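Take a look at the structure set out below.
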Amino acid sequence: MAFCIFSQHVHLPLRTSYHHFRSVNITAVSSTSFLLPPRICCGSGRLYASGGRWPKTALRWTTSWRWMAAGACLTSSAVLLVCSRRHLPYLTIAEVCALEDALPRSKTHNFIADVVEAINPGVVYIQATGRHAMLGVPVMSNGSGFLVSEHGLILTNAHVVSGRREVEVKLSDGQRLHGNVLYVDVASDLAVVKITGKNFPFLKLGSSSQLRMGEYVVAIGSPMTLDNSVTTGVVSAFRGGTELSHKLGVGSAVAHNTFRYIQTDAAITHGNSGGPLVNLDGHVVGISTMKLTEGISFAIPIDHAKEFLAKVDEAEKAKLSRKSAGEPAAGPRGLAQQQRKVLGLTMLTLTADIIAALRERSWRFPNVQGGVYVHNVFSNSPAFKAGIRPGDVVIGVDGRDITSTKDVFEAVERSSTSVQLTLVRGHQVLVMEVLPEVIQ
């Protein structure tokens, strides 16, 4: 009988006759430690397999059998082989290692890197510049976006383009192009930008309806104007549209969002806004939108964005039809066609679990049961001038209690001049008057 053990570090052949041993204690095979040879004992023609204790009964083997199989254990780095006494093939350490090197871990386990490599060319950086409507000073906003067609259509957040008609787009290869804002949906916080050219690398759109809690996702974008950076996480939950809204503008349309936002623990910073949230197949499942705190970020589901893109396609076809008929082309929705009031902040409706998460991360979080959380305040905005700060919790508008962003939007829409916001900051209750800005 021949007995051979292959290990990552040991090649130990043992050759002997079946009649020269009676019992074998088969020990566990380890790929990282030296494997001692099996213990050989005298007996009465029986084979004993034990992990250190001799069984009360043993399996009787007849000596007329010419071969036997005690077991085999095969992993990427360890093999236990029991074979015939007549012939035993020998393998060198190099040959054993070659089997493992054929599929190195760097090639089989770096699936995140594979996803990033595939989607990175289709992710862009967007910079929007303009002048303040009242002060006339230059203002700038920036964020991310991603190509959805080879003809240069880019999907991003509406708050990234900030009501501008034109933006600057930087591709992953460093090329900077002029972009025209074609269509904006303030209610859904989505916008489409067009750059001139063809054969652009674009991303495949997946299905957010197939997402499950716990599924891995990858967020990629350009935070702080840096080159594309990557964060990973899982899908944590799904939030209804009335629970989450953070539009720069306000309007009753916001209250009619019926889609569910994707909550993830993948870090989404200000510069990542508008960038893609993809699954491990490299398919876009969401549009990164905002980060509330560490471990709590939100993305717009791609299924809703597909509906928006379908409207864009219809609008473009109608525009071509009007152009061929000699009619003047209409501007993009949400730009120059209607005025809107803004406070200059981003907000989130507080739910019980979000309140609990915020309290875990900061002892300074106010002792409130509900309201609207101020996530960010933009420089030189009406909210900034009124003294509102990130982390404040709005609990009332014009003397009325509020429980959601919808209440704030409707109150601002009703107002003819300024609005009074009642908010909690730490242990203080403050009342601040804010004059909304009307922008094009």
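What follows draws every value from the coordinates through simple rules; no lab data is involved. The structure presented is a predicted model; accordingly, all values stated were derived computationally and were not measured. Neighbour counts are summed over all protein chains in view; Cβ atoms, including those assigned to glycine, are modelled from backbone coordinates with ideal geometry.
The H on the amide N of residue 183, modeled in the peptide plane, is under 5 Å from the matching H of 192, each at least 5 residues off or on a different chain.
Within the shell of other residues whose beta carbon sits under 10 angstrom from the beta carbon of residue 374, the net charge comes to +1, with Lys and Arg scored +1 and Asp and Glu -1. Each peptide in 350-356, 201-207 receives the mean, over its residues, of other Cβ atoms within 10 Å, and ordering these scores from highest gives 201-207, 350-356.
What does the charge add up to near residue 119, with Lys and Arg as +1, Asp and Glu as -1, over the other residues with Cβ less than 11 Å from its Cβ? Please report the intermediate quantities before stating the final value.
Values: positive: 204; negative: 114, 117, 281.
After counting each charged neighbour, the total is -2.
What's the local net charge at residue 213, with K and R +1, D and E -1, over the other residues with C-beta under 14 Å away? Residues near residue 213 contribute 0 overall. In this structure, the pairs whose alpha-carbon distance is over 21 Å, taken from 317/341; 194/291; 194/341; 204/311, are 317/341; 194/291; 194/341.
Within a straight-line Cα-Cα reach of under 14 Å, residue 319 can be paired with the following aspartates and glutamates, leaving aside sequence neighbours fewer than 8 residues apart in one chain: 327. Distance between the 7 Å Cα→Cβ label points at residue 413 and residue 323: 3.3 nm. Amide H contacts for residue 221 (H built 1.01 Å from N in the peptide plane; partners 5 or more residues away or on another chain; cut-off under 5 Å): 229.
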